[in-house]
Amino acid sequence: MSRFNLLPNNNGAYAPNTSTKVHEYSEEIAQLKGEIERLDLITQAMWNLLQEKGLTDEDLVKAITDIDNARKQKKKAMEEGEKPETVLCPNCHVPLQNNGKLADRCIYCGHEIITSPFKN
Ligand SMILES: [Zn+2]
């Protein structure tokens, strides 16, 4: 038995599933680390290709700075009450709901569309 099984939960009772949760989270963290390593490798390969095309580190830093500033401005505008941009389903023309995935899926007709691969 793991020592985590002996930790009390918020009600002062003992949580029998704590070690199971720790195991699940450990697996999820390992999967996320693998995904980060994969994306890091792809990013490095893309940057190497762009350097071969003549782009410099200064170009990359400027692009990162521009994107970061735009995101900060967008976040500030949302905090000040700006509503998110509404994208209409091209099939039935109702507003699409952002589901957090790459492709938005219309809840009315089922049409799927990638509105922006970099939405957040
Ligand atoms: Zn639709």
- Item | Extension gain from Lys62 to Tyr25, taking 0.36 nm per residue of separation minus the Cα-Cα distance | 9.6 nm
- Burial ranking of peptide ranges 55-64, 89-98 (average Cβ count within 10 Å, highest at the top): 89-98, 55-64
- Local net charge near Cys89, Cβ-Cβ under 15 Å (Lys/Arg +1, Asp/Glu -1): -2
- Note on the structure: The local net charge around Leu60, scoring Lys/Arg +1 and Asp/Glu -1 for residues other than Leu60 whose Cβ lies under 14 Å from its Cβ, equals -4
- Query: How long is the chain along each principal axis, judged by its Cα atoms, biggest number first, in Å?
  - Reply: 57, 44, 32
- Compute the distance in nm between two label points, each set 7 Å from the Cα along the Cα-to-Cβ direction, one at Glu82 and one at Thr115. 1.5
- Note on the structure: Expressed in Å to one decimal, the Kirkwood Rh of the range 31-72 from all distinct alpha-carbon pairs is 11.6
- The helix 18-52 Cα axis meets the longest alpha-carbon principal axis of the chain at an angle in degrees, between 0 and 90 and rounded to 10, of 20
- Item | Label point 7 Å beyond Cα of Glu52 along Cβ direction - residues of the range 19-44 with amide nitrogen under 12 Å | none
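Computed from the coordinates by the stated procedures, all read-outs in this text should not be read as laboratory data. Remember, it's a predicted structure, so these values are computed and weren't measured experimentally. Reconstructed Cβ throughout: ideal geometry from the backbone, glycine too, with neighbour counts over all protein chains shown.
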